[in-house]
1. Express the C-alpha Rg of the range 317-378 as a ratio against the empirical globular expectation 2.2 N^0.38 Å, rounded to two decimals.
2. Going by how many other Cβ atoms sit within 10 Å of their own, how do 92, 264, 99 line up, fewest first?
3. Please list the three semi-axes, largest first and in whole Å, of the ellipsoid equivalent to the range 264-377, using sqrt of 5 times the eigenvalues of its alpha carbon gyration tensor.
4. Can you give the % of DSSP beta bridges in the range 264-377 that are antiparallel, to the nearest 5?
5. If you stretched the chain out fully between residue 350 and residue 38, how much longer would it get, using 0.36 nm times the residue separation minus the C-alpha to C-alpha distance?
6. Can you tell me how much longer the chain between residue 88 and residue 184 gets when fully stretched, taken as 0.36 nm per residue apart minus their C-alpha distance, in nm with one decimal?
7. Kindly state, to the nearest 0.05, the FRET efficiency for residue 268 paired with residue 169, given R0 = 41 Å and r defined as their beta-carbon distance.
8. For 54, 245, which order do you get if you count the other beta carbons within 10 Å of each Cβ and list the fewest first?
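Every number here is computed from the coordinates shown, using simple stated rules; none is lab data. Just so you know, these numbers come straight off a predicted model, no measurement behind them. Cβ sites come from the backbone with ideal geometry, for glycine too, and all protein chains shown count toward neighbours.
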């Protein structure tokens with residue numbers, strides 16, 4: 001029996017009107033979340049905003065974006081990473097082999113490219129992030145550069161493709177999750193092949209036993225459950241590279257690939273919440289506001305501002321945690337009775353500033369507009 005053919009009496013699914021094999025975009029929406037979006041949200045929890053107070057997000061609080069299913073890996077003992085294609089010396093490494101090589105630990109902030117999607121309209125239906133799709137962990141692994149140099153990239157190498165073992169359908173295509181980098185990008189000193197998170201082995205949902213971490217890029221580049229790297233002589237056209245994670249103004253826009261993170265900041269909602277609406281209440285008087293700010297490609301944060309009812313003032317920056325990690329900030333607010341709107345915005349070392357309003361993208365990618373919080377002071 002061929003794949004997806006139930007019996008000789010039933011035509012293969014590829015010949016039927018079936019959503020798996022029809023690359024139909026999700027419907028556009030400018031309203032509430034669909035049932036399917038809510039189901040995605042239940043599978044992919046975000047980082048609780050109160051957890052921004054942790055320098056390193058505890059693994060169980062770190063956001064997740066899992067495209068297909070979490071692969072079941074009973075033991076890492078038999079796991080291997082192969083590097084092949086256009087290389088001088090194909091290699092296959094066990095996890096034990098990798099751990100014998102030079103190691104590095106580095107705090108890195110990862111953000112989902114769709115973080116903030118809920119603030120963009122109209123948009124394709126997808127994972128309905130508000131602000132929660134970001135977290136910071138200390139990742140431990142082997143520098144990718146050393147492995148690629150050991151294998152030796154051929155002169156004809158055009159793309160380095162990274163594949164995970166998670167498999168499913170997207171855009172009408174059945175595929176293993178795969179992403180690529182150019183050879184120049186892949187040979188960056190700071191990209192890691194990772195087996196550890198916050199001093200412990202990776203959890204299953206975070207890619208156990210092996211994943212890629214590409215600092216400064218949105219999270220789609222950091223392939224989980226990594227088991228093979230293939231060097232090819234053309235631009236990789238897999239769905240996760242060419243069919244999505246592309247900035248587009250309309251459905252027929254060829255678009256621009258999503259790559260490095262845009263400058264952004266968030267604050268911990270102050271006071272106490274209503275259980276359903278999450279509206280906030282604080283007591284009048286001094287209120288210490290705290291938040292985090294980050295940018296992409298290793299660019300640091302140079303300034304944080306906080307607005308109370310539209311009046312912007314400078315906040316105080318904490319010390320840096322690392323080149324690719326978010327940076328803390330504080331602001332002392334003298335809260336007066338009534339309802340107030342709070343906002344925060346970051347400026348990075350390149351002079352890029354968070355916009356007040358979202359930039360439009362039909363899939364809701366890259367929304368780095370300012371966070372707005374309404375707080376009642378009593």
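1. Compactness ratio reported: 1.42.
2. Fewest-to-most Cβ neighbours within 10 Å comes out as 92, 99, 264.
3. Taking √(5λ) for each eigenvalue gives 25, 17, 12 Å, largest first.
4. The antiparallel fraction comes to roughly 90 percent.
5. 108.6 nm
6. The span from residue 88 to residue 184 would gain 32.8 nm if fully extended.
7. 0.60
8. Ordered from fewest to most neighbouring Cβ atoms within 10 Å, 54, 245 come out as 54, 245.
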